[in-house]
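Working notes, structure below.
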Amino acid sequence: MFNRTHLLIVALALAGALGGLLAGSWLRPMPASQRGGEAKTLVGSARPDATLPGLDGQPQSLAQWNGKLVLLNFWASWCGPCIEEMPLLDRAQQRLAERGVQVVGIAADNAAATKAFLGEHPVHYPILVDDPEHGDLSLDYGNTRSVLPYTVLIGRDGRILAQRFGNFSESGLEQWLAPHL
């Protein structure tokens, strides 16, 4: 009836099913009760106020871009999808600046790593530094999965319009921005 081959197939199927369940629970956001805080819906709410150092070390407030449509992009120099996305964001900044769009990069790195990376891969939009040793601003902006890149769109009135986990394609970014331009 059952030989070793059948047992091996059943064992592999069970192991695959268990692996799928574990992966699914790992990728699903943790319930607020387990995170130690209430879940918050950010779309429609006012953007959290924040001040971070720029590349020159001087503090910069996100409020300086009030009145603009701000694409706030959290990234890191060690994040492959972030690196792939940066030229796309740079082109979007140059193309949409006259329509009141401002791309702002928030580097989840220390200042030295951020400067070294940007020396080799420059962009033409402001970069602020959110050193992980001092906290994680992306959590305040809804990045409950700690995924990079993570992007938040802030309306001209300072309210959060959209949030996105992961990187964009050219067409995906255009579709995401279009209703808000």
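Residues Thr51, Thr5, Thr151, Thr144, ranked from the fewest to the most other C-beta atoms within 10 Å, line up as Thr5, Thr51, Thr144, Thr151. For the range 45-180, the orientation-averaged shadow of the C-alpha convex hull comes to 7.5 nm² (one quarter of the hull surface).
Bridge orientation summary for the range 46-164: considering DSSP beta bridges with both residues in this region, about 60 percent are antiparallel.
Whose amide H sits under 5 Å from the amide H of Gly67, counting only residues 5 or more places off or on another chain, with H placed in the peptide plane? Amide H neighbours of Gly67, under 5 Å, 5+ apart: Gly158.
Throughout, read-outs are computed from the coordinates displayed, never taken from laboratory work. Bear in mind the structure is a predicted one, so any value in this text is a computation, not a measurement. Note that each Cβ is placed from the backbone with ideal geometry, even for glycine, and that neighbours are counted across all protein chains shown.
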